[in-house]
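Everything on this sheet refers to the single structure shown next.
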Amino acid sequence: MNKTTSFDARRRWLLQSGASCASALGIGSVGNLLLGARQAHAADYKALVCIFLYGGNDGLNTIVPSDAARHAQYSGVRGPLAIPRTSLVPLPGTEFGLHPSFAALSGAAAAGHVAPVFNVGPLYSPLTKAQYRNAPNGTALKPDGLFSHSDQQVLWETATTHSQERTGWGGRASSALGTVNPVISVGGSARFGLTALQSPLVLPGPGSTFGAYGLQPDDVKWAPMAARKAAIDLMYAQPQDTVLAEAYSRMQRDAFSMSQRLGALVKVEPGKTGSNPVIDAAFASITSGGRITTGLGRQLYQVAKLVAGNATVQGDRQIFFAQQGGFDTHANQVAGSPTEGGHARSLKEVGDALAAFYTAMKNLGLGQSVTAFTQSDFGRTFKPNSSDGTDHAWGNQHLVIGGAVHGGATYGTYPQLVLGGDDDVGTDSWELQGRWIPTTSVDQYAATLLGWFGASDAQLDTALPNLHNFGTRRRLGFV
C-alpha cells in the first residue's frame, strides 16, 4: 500500500469513526481542546457563569426604582407595564428592587450577594448624546447594527462595536489566561466562547450521552467494540502526513480523552447514581420526577455538577456559558397585571434557576468561588408601544450574583427617566421612546468580572481591546 492509499484509508476511518465523536463533543475547529491538562488548584478555583438572555430582556422591569419619586416618574411613562413598588423584591441598601418573579433570589439579595449594574451596552468609548447624533454611521463611535438582535448579540458576546468580529470576549479571556479548558457551553454554540483557534466545548444536558456512540465505557465491555476502540486509538496514535491531518488526529485523541473523563459526570441526573445530594437539594424546587423542569435550570444543574466535580473537569479557572430565549416582548408583555404574562414567566425561570444554582454553590462551600452574570441583546424602550409591549433599545440593566459579589450598592449610572433627555437617543417627537445611550460599556462590565477572575491589566487589554478608551475607570467594583 503506497503512502497516498494509506493516508486515504486513515482518512476514511477518521470520517467514519472520529467525526461522530467530534460532533458529539461540540467541537467546531481543528484547534479545539488541544491544550494539555493540569491538576486543579482547588483552593484558588474560580468560575464565571455567563447567562445570556436572548431577545433583549426588559431591564427596566427587571430592576425597578423603589423610592417614591423615581418610581412615580417610572410609572408615569410605563403605564400599564409598570411594576408596583409593593411587589418588588428588595435589594437592601439600595433604592431599587427586583421584579417579583425573582422572589427565589430574595435570600441572596438579603445576604448582599446580588448587585445591579445599570445602563450597560456596547461602546467604543464614553459617548454623549451630541456625539452620538453627530457621528456618521460606520464610525467606531456608533456601534454596528444598533437595535438589531443579531448584531447586538454579537457586540455583547464579543465586547466590540463591529458585528463582523469572530472571537468572543469569553474565548479571548480563556486564551489570554491560558485556562486548561476552553469556554464550556451548556447552552449550545455561541460566539462568546470562540477564539482564533478554539470553539467552546459544547455539552449536552443531564442524562445525555457525551462522546462517540458505541464507544462508551459500557459499550467497550463487549469484545468486538473493545477491538474497534483499540484500532481507532492505534490509528490516531500514528504520525500523519500533513500538518492538518496531524492536528485533526490530535483533536480526536483529546476528544476521546475528554469524553471518557467527563461522560459519566455529564450524564448524571437528580437522584440517580452518582448525583450530588447537596446539588439535588438546591434544585429540588424545580425538579419533578427526577428531571429539572426548566431549560435554564437543566443548564445550571449541569454547571453545578461540573464546578463540584472540578477535579475531574480540571483547571483552576473555568468560564461557562448558559442561555435562555423568549425575551423579545413586542406585544402583550403583561397579562392581567404587570406581574403576570410572558416576561414575568421568563424572569421566573431565570430567577428560580439562579437561586437554585446560588444555593448549591453556597452549600458546597464554593459560593465565594463562583460568580454568575447576565447579558442580553439590548434593553427595551422605556415607553411602551401600542401593543402593550416594548421595542428594541440599547443600554440595559444587568445582575451579578455570587458569594464574592458586593451587594448592598448599585453600580453604573441609572438612566434619567426622561424621554428626549440626555440619555435618550431621540430628539424628534416620533423617536422619543427612551432608548438609553449606555453610560457603562460591556468592556468595563467584563473587565470587572475578569479582574476578579485573575486577569492582569495586560490580559484585560488583550481580551477587551476597547477597554483602554475608558481611562482609569476600567473596573466597576461589584465583585
Could you tell me which residue out of Leu347, Leu364, Trp394 lies farthest along the dipole of segment 310-410 toward its positive end? Charges go on the beta carbon: Lys and Arg +1, Asp and Glu -1, centred on the Cα centre. Leu364
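Multiply the residue separation of Asp422 and Ser387 by 0.36 nm, subtract the distance between their alpha-carbon atoms, and state the gained length in nm to one decimal. Each step should come with its number before you reach the end.
Numbers: separation 35, 0.36 × 35 = 12.60 nm, distance 2.67 nm.
Length gained, Asp422 through Ser387: 9.9 nm.
Could you compute the longest span of the chain free of trypsin sites (Lys or Arg not before Pro) located in DSSP loops and having at most 13 other Cβ atoms within 10 Å, not counting the site residues? Could the numbers behind the result be given before it?
Numbers: sites that count: Arg38, Arg166, Lys272, Arg473.
With trypsin sites (Lys or Arg not before Pro) excluded where exposed in loops, the chain gives 273-472 as its longest stretch.
For the pairs Lys229/Lys267; Lys46/Lys229; Lys229/Lys272, flag any whose C-alpha to C-alpha distance is greater than 26 Å.
Numbers: Lys229/Lys267 21 Å; Lys46/Lys229 36 Å; Lys229/Lys272 28 Å.
Cα-Cα > 26 Å for Lys46/Lys229; Lys229/Lys272; rest within.
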Among the aspartates and glutamates, which have Cα under 19 Å from the Cα of Lys129 when same-chain residues fewer than 8 positions away are ignored? Asp144, Asp422, Asp423, Asp424, Asp428, Glu431
Quick check: from the Cα gyration tensor, does the chain come out rounded (a/c under 1.5), prolate or oblate? prolate
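What FRET efficiency do you get for Ser285 and Ala230 if R0 is 35 Å and r is their Cβ-Cβ distance, rounded to the nearest 0.05?
Values: r = 46 Å, r/R0 = 1.32.
The formula returns an efficiency of 0.15 here.
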Suppose every Lys and Arg Cβ carries +1 and every Asp and Glu Cβ carries -1, with no other charges. What dipole size does the chain come out with about its Cα centre, to the nearest 20 debye? 1120 debye
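When only C-alpha pairs under 8 Å and at least 6 residues apart count, what is the relative contact order of segment 170-323, in percent?
32 percent
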Given labels modelled 7 Å from the Cα in the Cβ direction, how far is it in nm from Thr209 to Thr139? 5.8 nm
Let me have the relative contact order for segment 156-227, percent, based on Cα pairs under 8 Å that are six or more residues apart. 24 percent
Anisotropy class of segment 238-312 from Cα gyration tensor, a/c 1.5 cut: prolate
Once you have a ≥ b ≥ c as the square roots of the Cα gyration tensor eigenvalues for segment 143-205, tell me rounded if a/c is under 1.5, and otherwise prolate or oblate according to whether a/b is larger than b/c. oblate
Computed lengthening from Asn332 to Ala110, 0.36 nm per intervening residue step minus Cα-Cα distance: 76.7 nm
Arranged by the count of other C-beta atoms within 10 angstrom, fewest first, what order do Met361, Met235 take? Met235, Met361
Given points 7 Å out from each Cα along the Cα-Cβ axis, report the Ser148 to Ala223 separation in nanometres with one decimal. 6.2 nm
Residues listed by number, segment 257-271, amide nitrogen under 14 Å from Thr312 label point at 7 Å toward C-beta: 258-271
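Using a Förster distance of 60 angstrom, determine the FRET efficiency expected from the C-beta separation of Gln238 and Tyr132, and round it to 0.05. Could the numbers behind the result be given before it?
Working: r = 59 Å, r/R0 = 0.98.
Computed FRET efficiency for Gln238 and Tyr132: 0.55.
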Any idea what the dipole of segment 272-414 comes to, in debye rounded to 20, about its Cα centre with Lys/Arg Cβ at +1 and Asp/Glu Cβ at -1? 340 debye
To test your reading of the geometry: what angle, between 0 and 90 degrees and rounded to tens, separates the Cα axis of helix 243-267 from the longest principal axis of the chain? 70 degrees
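Suppose R0 equals 60 Å; then what is the FRET efficiency for Ser429 and Ala247 from their Cβ-Cβ distance, rounded to the nearest 0.05? Walk me through the numbers before you get to the answer.
On the way: r = 59 Å, r/R0 = 0.98.
That gives a FRET efficiency of 0.55.
Every number in this text was worked out from the coordinates using simple rules, so none of it is lab data. All of these numbers come straight from a predicted model, not from anything done at the bench. Note that each Cβ is placed from the backbone with ideal geometry, even for glycine, and that neighbours are counted across all protein chains shown.
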